[in-house]
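Written below as structure tokens is the structure these notes are about.
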Amino acid sequence: MATRETKIIADARVTLNDLGTTPRWTDMRLYELLSNAQDDMCKAIPLIARKVTINPAVGQVEYKLPDDSVKLLSASSSGH
């Protein structure tokens, strides 16, 4: 298992006061809970798949986004 996950599990054991020689929570169960939490986060947090540049036209106020767009997360201007 990766170092980050190992540290998260170690921190969870401290929080759960589960540091004895016979832990209440098995490593497998803690990794399962961590995996479930990561899955939930992936479902709840939007994925930025790509950046799209749209060239503005004078007087145009609406622009069509690519068909595979889910939602616009931000827009910026270089000061023009």
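The angle between the Cα long axis of helix 3-15 and the main principal axis of the chain comes to about 60°, on a 0 to 90 degree scale.
In the context of the full set of protein chains, residues of segment 8-54 present 86 Å² of accessible surface per residue (probe radius 1.4 Å, heavy atoms only). With all protein chains in place and a 1.4 Å probe, the accessible surface of segment 1-57 carries 60 percent carbon and sulfur. Binning the C-alpha pair distances of the chain at 5 Å intervals from 0 yields a P(r) profile of 3, 10, 16, 13, 10, 7, 7, 8, 8, 7, 5, 4, 2, 0, 0 %, listed from the shortest bin outward. Within the listed set 50, 24, 13, the Gaussian network model of the chain (springs between alpha-carbon atoms below 10 Å) gives the highest mean-square fluctuation for 50.
Computed from Cα atoms, the angle from the helix 27-44 axis to the main principal axis of the chain rounds to 10 degrees. Pairs of lysines in the chain whose Cα atoms sit within less than 25 Å of one another amount to 5, provided the residues are eight or more positions apart or on different chains.
The values are calculated or read from the model by the stated rules, or taken from the named source; none is laboratory data. Source: prediction; values computed, not measured. When the accessible area is computed, the model is the full protein with side chains, heavy atoms only, and any ligands, DNA or RNA have been set aside. Shrake-Rupley method; radii C 1.70, N 1.55, O 1.52, S 1.80 Å.
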